[in-house]
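Taken together, the values in this text are just the output of simple stated rules run on the coordinates, not laboratory data. These numbers were taken from a predicted model, which means no experiment stands behind them. Quick reminder, even Gly has a Cβ in these numbers, built from the backbone with ideal geometry, and neighbours come from all protein chains shown.
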């Protein structure tokens, strides 16, 4: 008797049809490999946002965004393949990320996504010139309510 072998598919024969075809039709059952990869990379990007004190987060911050925030930084065009992959995941993360207002001192009114609404998470265009820049300027510090006269 021979030993049982694990069925494998060579890389050359692993086309999009086989990977995305359902298992009952002879495929591997993956829905969309590019999206699946992006979701996993977005999770890694989230870990950099959530665990800023980790060694990995500190090293990457020192190298790629020393003076900024991961969600609000323009990155250089020449970067490592690993960092390019994290940027790819970060694109997906930014689409669903929204600020929790709290005191509003770190949130820019016109730049950050902070308003929960279906179409866009940012306020609409400014009708007239506006000198307000930060969300905390829209909040009454004593009552912790919106300044309705400013809005």
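So if we plug the beta-carbon distance of residue 63 and residue 146 into 1/(1 + (r/R0)^6) with R0 = 35 Å, what FRET efficiency do we get, rounded to 0.05?
Computed FRET efficiency for residue 63 and residue 146: 0.35.
So if I average 1/r over every pair of distinct C-alpha atoms in segment 11-96 and take the inverse, what Kirkwood radius in Å does that give?
Mean inverse Cα-Cα distance, inverted, gives 14.6 Å.
Tell me the label-point distance for the pair residue 72, residue 103, using the 7 Å Cα-to-Cβ offset, in nm and rounded to one decimal.
Roughly 1.5 nm, to one decimal.
In what sequence, highest mean first, do 40-49, 56-65 appear when ranked by Cβ atoms within 10 angstrom?
In descending order of packing, they fall as 40-49, 56-65.
Residue separation times 0.36 nm, minus the C-alpha to C-alpha distance between residue 136 and residue 33: what's the value?
Taking 0.36 nm per residue and subtracting the Cα distance, the gain is 32.9 nm.
Normalising by the residue count of segment 11-96, find the relative contact order in percent from Cα pairs under 8 Å and 6+ residues apart. Working shown, then result.
Working: 70 pairs, mean separation 25.1, N = 86.
So the answer I get is 29 percent.
Sort 81-89, 20-28 by packing, meaning the average of other beta carbons within 10 Å per residue, with the highest value first.
By packing density, highest mean first, the sequence is 81-89, 20-28.
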